[in-house]
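Structure in structure tokens, see below.
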Amino acid sequence: MEHSTVSSLLRSTQAFCGELCEKETLDFGIAYYSTRFAALPEANQFREVWIEDPTQITVAFEQAEHFFAEKSLSCHRWAPAGGHGPLNPGSAGSCASEQLSGFLEARGFRRRNLAALALSQWHAFSETPKVRVLPARAMRAAFQKTFVEATVPKDPALRQSLSEAYLERLDDPQLDMFVATVDGKPAGRAALYQVGDFARIIDLAVLSGFEAAGTQDALLSHVIGMARRLEFRRVLMQVEADDRQRIESLERIGFVRDGAFVEFERDAPTEPRPS
């Protein structure tokens, strides 16, 4: 069965989040939650949101808020159902997407426009002798430093939680994580997540000051090379749609845009409402 790039990305996100936290089906979507990683959007979010009637947005929101508050948590992300959902951009119900956007933005969420990318051809990368790319499990300290020394996300506590979540997954057979070093210093990281017959590149990050060393190309060369050796039919990524520099750099190595979707995320943790 063929899957669109957007559908495949959303399916892989569901699988990834399902391994990181617990989930429960509500009336209008699926709540993913974790008390251990309370501040992480990946671990506390409302996904596959499907609202046929826009007048039910308030009901859906209050139900989700109440669910998380009962667990002393906050919901940090909303992700509408993709592909054919009534809240998906460009579908028959795209006006509902705009209504949801306005509703959530008034309640502290920001809209994230995301571009779906698929690799259209295998790319021959230039050598980057200054950059070493090694398995994260063999370089735990360096891997952790890529979170500590990063500037995104801005909150250091959130970066720490993110590093703990990834360190916990180091032995996951579906997730291969790598760290890049330049002159022995942590320079970036990337991971290849395997779902069925496709592979998804996630968490591609280059630390400030190491862009010119070719760190991104070295990481991409490594993970794409791995995907090719493992004979995955498709290699996918999602990128912020307004990150033109990142998208153009990926297009130069053979990625093409193949769809778009939206998510809504709170910029900072908020106090849960009393249950």
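The values are calculated or read from the model by the stated rules, or taken from the named source; none is laboratory data. For clarity, every value in this text was computed on a predicted model and none was experimentally measured. Using ideal geometry, Cβ is built from the backbone for each residue, glycine included, and neighbour counts are taken over all protein chains shown. Heavy atoms of the whole protein, side chains included, go into the accessibility calculation; ligands, DNA and RNA do not. Shrake-Rupley method; radii C 1.70, N 1.55, O 1.52, S 1.80 Å.
Give segment 71-100 a look and list any residue that's at pLDDT 70 or above and either in contact with a Leu (Cβ under 8 Å, 6 or more places away or on another chain) or under 17 Å from Thr13 (Cα atoms) (or both), or say none.
Matches in segment 71-100: Cys75, His76, Arg77, Trp78, Ala79, Pro80, Ala81, Gly82, Ser97, Leu100.
Now a separate question. Do the conditions hold for Ala187, that is, is it open to solvent by less than 20 Å² (accessible area, probe 1.4 Å), assigned to a helix (DSSP H, G or I) and not polar (S, T, N, Q)? Steps first, please.
On the way: open to solvent by less than 20 Å² (accessible area, probe 1.4 Å): yes; assigned to a helix (DSSP H, G or I): no; not polar (S, T, N, Q): yes.
When the stated conditions are applied, Ala187 does not pass them.
Okay, residues lined up against (1) touching a Leu at 6+ places or on another chain (Cβ under 6 Å); (2) closer than 14 Å to Leu9 by Cα; (3) open to solvent by 30 Å² or more (accessible area, probe 1.4 Å); (4) free of Cβ contacts under 8 Å to residues at least 40 places away in the same chain:
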residue: Val195; (1), (2), (3), (4): no, yes, no, no
residue: Ala199; (1), (2), (3), (4): yes, yes, no, yes
residue: Asp203; (1), (2), (3), (4): no, yes, yes, yes
residue: Gly209; (1), (2), (3), (4): no, no, yes, yes
residue: Glu231; (1), (2), (3), (4): no, no, yes, yes
residue: Val235; (1), (2), (3), (4): yes, yes, no, no
residue: Gln238; (1), (2), (3), (4): yes, yes, yes, no
residue: Asp258; (1), (2), (3), (4): no, yes, yes, no
residue: Phe264; (1), (2), (3), (4): yes, no, no, no
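Would you check if Leu114 is under 20 Å from the mean Cα position of the chain (by Cα), open to solvent by less than 20 Å² (accessible area, probe 1.4 Å), within 29 Å of Arg11 (Cβ to Cβ) and touching a residue at least 24 places away in the same chain (Cβ under 8 Å)? Talk me through it step by step, then tell me what you get.
Numbers: under 20 Å from the mean Cα position of the chain (by Cα): yes; open to solvent by less than 20 Å² (accessible area, probe 1.4 Å): yes; within 29 Å of Arg11 (Cβ to Cβ): yes; touching a residue at least 24 places away in the same chain (Cβ under 8 Å): yes.
Against the criterion (under 20 Å from the mean Cα position of the chain (by Cα), open to solvent by less than 20 Å² (accessible area, probe 1.4 Å), within 29 Å of Arg11 (Cβ to Cβ) and touching a residue at least 24 places away in the same chain (Cβ under 8 Å)), Leu114 qualifies.
Give the residue, chosen from Asp155, Asp176, Asp183, that is free of Cβ contacts under 8 Å to residues at least 60 places away in the same chain and under 30 Å from Arg11 (Cβ atoms).
When all the criteria are applied, what remains is Asp176.
Conditions tested, residue by residue: (1) open to solvent by 60 Å² or more (accessible area, probe 1.4 Å); (2) touching a strand residue (DSSP E or B) at 6+ places or on another chain (Cβ under 7 Å); (3) in contact (Cβ under 8 Å) with a residue 12 or more places away in the chain; (4) not in a loop (DSSP other than H, G, I, E, B).
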{"residue": "Ala124", "(1), (2), (3), (4)": "yes, no, no, no"}
{"residue": "Pro129", "(1), (2), (3), (4)": "yes, no, no, no"}
{"residue": "Leu134", "(1), (2), (3), (4)": "no, yes, yes, yes"}
{"residue": "Ala142", "(1), (2), (3), (4)": "no, yes, yes, yes"}
{"residue": "Phe147", "(1), (2), (3), (4)": "no, no, yes, yes"}
{"residue": "Ser163", "(1), (2), (3), (4)": "no, no, yes, yes"}
{"residue": "Asp171", "(1), (2), (3), (4)": "yes, no, yes, no"}
